[in-house]
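Remarks on the structure that follows.
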Amino acid sequence: MKVPSLTFLATERMQVVFILIFVLTSAFLTVRLVMLPQRELAANNRSVRTQLESSSYASLAISNMLAIAEHETSNLTTLSNEWHRIAARLTAFPDQDTLLASSVNRIDYKVELYELRQRLQAKSDELKIQLLPVELGLDETLTSGDAIRVRMTQLKAVEKLADLTLDRQIQRLVEIYPLPPVEHQDKNGRRLFEEYPVRIECDVDFEHLFTFFQSVFEENQVFTFRNLRVESGPTFDAKLRVKAVLSALLF
């Protein structure tokens, strides 16, 4: 009888070892890549099923679900209408839809700025109120279409606030200029409204200061106070020096 060589036996042993390694590796990968994910998926499905079974809507009929949906839709409509009423009440620009939709160019802006300066100067002369900031803090230099729209809205805010102060018989408009606008967003990043703050400094007496405070809460000319400082005026006639930042809201 012929005895197998040692080389043949060693080769067979290596083959057996490789087969065992392959079997063990396949078993490990099967458990790791197939069985464990299946168990996790089953556990997630059980969790979701438990949540659905415990939900207050699980036992509702389709008719009840439709009634709930109709009720929620009605609530949404009510809240939307309330928001529109608040926006209409608080906006400083009654024509804000036109203001947002209209397109303006550099020439339109410069012409309107020039006409506003001339009109306010004539109005202050007629009322015998000194108008020191003839330039109104508005620059004629523009760089883009978006800048033109923002600058035009700032011009409208300055115009409304300047008219408001002059109509309330202040003694002197010392300073007025717009600050950069502030955009307010909801938690999803959607725009809610824009705030156009304007810094103003004027001299006024007690009576007309009270009238001015009342007027900024009237419809179609609402301004919100960002800050306010009242000091003694520089002269006996101008008893108070008011420094404030007021914001026009654009929804």
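Only the coordinates and a few stated rules stand behind these numbers; no lab work does. Everything numeric in this text was worked out from a predicted model, so none of it was measured. Every residue, glycine as well, gets a Cβ built from its backbone with ideal geometry; the counts of neighbours run over all protein chains shown.
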Given 0.36 nm per residue, what is the gain on full extension from Glu70 to Asp108 after removing their alpha carbon distance, in nm? 8.9 nm
Residues Glu82 and Gln185, FRET efficiency given R0 of 22 Å [Cβ-Cβ distance, rounded to 0.05]: 0.65
Contact order normalised by length for the chain, with contacts defined as Cα pairs under 8 Å and 6 or more residues apart; what percent is it? 17
Points 7 angstrom from Cα along the Cβ direction at Val134 and Phe193: gap in nanometres? 3.7
The helix 62-90 Cα axis meets the longest alpha-carbon principal axis of the chain at an angle in degrees, between 0 and 90 and rounded to 10, of 30
Computed, not fitted: 222 nm per-residue ellipticity of the chain from DSSP H runs ≥ 4 (each -39500 (n - 2.57)), nearest 500, equal to -18500 deg cm²/dmol
Relative contact order for the range 119-251, counting Cα pairs under 8 Å that sit 6 or more residues apart, in percent: 22
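Between Gln51 and Lys239, what length in nm is gained on full extension when 0.36 nm per residue of separation is reduced by their alpha carbon distance?
The Gln51-Lys239 span can extend by a further 60.8 nm.
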Could you work out Rg/(2.2 N^0.38 Å) for the chain, with Rg from alpha carbons only? 2.05
Restricting to lysines 8 or more places apart or on different chains, can you count the pairs in the chain with Cα atoms under 21 Å from each other? 9
